[in-house]
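Shown next, in structure tokens, is the structure this report addresses.
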Amino acid sequence: MPITVGGSRVLAVQNLEVVYDDVVLALRGVSLEVPDGKIIALLGANGGGKSTLLRSLSGLLDIHDGEIRKGSVTLDGESVGELKPSTLARKGIKHVLEGRRVFKELTAEENLRVGGYADRRNLKTNLERVYGLFPILRDRRDGQAGLLSGGEQQMLAIGRALMSDPRYLLLDEPSLGLAPKVVEQIRDIIVEINSQGTGILLVEQNASMALSIAHHGYVLENGRVVMDRSADQLRDDADVREFYLGLGAEGEAARSFKSVKHYRRRKRWAS
């Protein structure tokens with residue numbers, strides 16, 4: 001259920017319906033809130049609509065031939081669903097896409113400076129903030145971005161988004177393809193960014209990591225929100241533990257991927 005209080009500053013979607021190519025219905029009446037200063041986890045299987053939701057919030061649907069057919073996207077109660085990505089970025093909504101989309105031919109610092117274009121007056125301050133969060137980027141500042149490791153490229157992508165000091169950071173699979181030690185680093189950095197006042201919507205296949213740092217969570221399946229609870233409640237839910245955390249009813253790890261993939265029992269929300 002919603003976690004905002006009347007008058008709170010919040011990024012939200014209400015009863016959102018999104019269609020691709022005038023045919024594919026990707027979101028089916030989704031409602032979700034990201035209050036200022038909170039980490040919200042968005043869980044779900046591939047193809048469930050998670051990236052579509054992030055695109056709806058950052059204005060990137062048009063690029064993918066997507067369209068909001070019903071519902072609304074609001075920032076502090078103001079409708080922003082029709083605004084361009086550049087306008088939404090100036091309003092404080094920054095989207096870190098899946099796949100570490102860095103400018104590979106540019107240096108690490110040139111990538112960061114591109115991210116700071118909308119807030120050039122505070123470029124130096126924001127650059128120092130990013131280097132404080134990611135010391136390795138200071139060491140690699142003159143290196144070509146395409147030659148950085150996967151983890152370093154992910155840090156660079158996040159750092160670039162932070163260069164305009166956003167209110168809300170939309171993270172799409174930040175741990176994807178990274179080694180466990182690097183995933184821990186990314187987790188700690190997300191917590192630190194949030195502690196500095198940035199609200200975060202975290203789309204993450206690593207549900208255990210996401211729920212360990214989130215305040216609240218949603219489960220999105222087939223374009224619908226099927227669960228909307230505090231992160232603690234989701235971690236304790238038997239279905240979430242089995243189907244997203246890979247744990248059985250007694251807390252043991254699933255014996256095999258096959259046993260999870262083919263579902264030992266039906267999800268109660270799908271019954």
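For region 66-88, name all the residues that are aliphatic (A, V, I, L, M), assigned to a loop (DSSP other than H, G, I, E, B) and closer than 11 Å to Ala12 by Cβ. Show your work before the answer.
Taking region 66-88 first, the residues aliphatic (A, V, I, L, M) are 68, 73, 75, 80, 83, 88.
Cutting the leftovers down to assigned to a loop (DSSP other than H, G, I, E, B) gives us 80, 83.
Once the filter is applied, which keeps residues that are aliphatic (A, V, I, L, M), assigned to a loop (DSSP other than H, G, I, E, B) and closer than 11 Å to Ala12 by Cβ, region 66-88 yields only Val80.
Step by step: first the residues of region 233-257, then only those that are farther than 23 Å from Leu53 by Cβ and part of a helix (DSSP H, G or I), then the one that is modelled with the highest pLDDT. Which residue is that?
Asp236
Within region 70-78, can one find any residue that is surrounded by fewer than 22 Cβ atoms within 10 Å (Cβ to Cβ), more than 18 Å from the chain's Cα centre (by Cα), at pLDDT 95 or above and of a type in the set (Lys, Arg)?
Yes: region 70-78 contains one or more residues that are surrounded by fewer than 22 Cβ atoms within 10 Å (Cβ to Cβ), more than 18 Å from the chain's Cα centre (by Cα), at pLDDT 95 or above and of a type in the set (Lys, Arg).
Check off (1) more than 29 Å from Leu106 (Cα to Cα); (2) in contact with a strand residue (DSSP E or B) (Cβ under 6 Å, 6 or more places away or on another chain); (3) of a type in the set (A, V, I, L, M); (4) not in a strand (DSSP E or B) for Met209 and give me the number that stays unchecked.
(2)
If you check Leu43 against the conditions, is it in contact with a Phe, Trp or Tyr (Cβ under 7 Å, 6 or more places away or on another chain) and under 27 Å from Ser195 (Cα atoms)?
When the stated conditions are applied, Leu43 passes them.
Can you tell me which residues in region 22-65 are in a strand (DSSP E or B) and exposed (fewer than 15 other Cβ atoms within 10 Å of the Cβ)?
So in region 22-65, the residues in a strand (DSSP E or B) come out as 24-35, 39-43.
Correct list: Val24, Leu25, Gly29.
Among the residues of region 212-232, which ones are in a helix (DSSP H, G or I), out of contact with any strand residue (DSSP E or B) (no Cβ under 6 Å at 6 or more places or on another chain) and not polar (S, T, N, Q)?
Asp232
Among the residues of region 143-159, what is the count of those that are assigned to a helix (DSSP H, G or I), surrounded by fewer than 24 Cβ atoms within 10 Å (Cβ to Cβ) and not aliphatic (A, V, I, L, M)?
Selection size over region 143-159: 5.
The values are calculated or read from the model by the stated rules, or taken from the named source; none is laboratory data. This one's a predicted model, so the numbers in the text were calculated from it and none came from an experiment. Every residue, glycine as well, gets a Cβ built from its backbone with ideal geometry; the counts of neighbours run over all protein chains shown.
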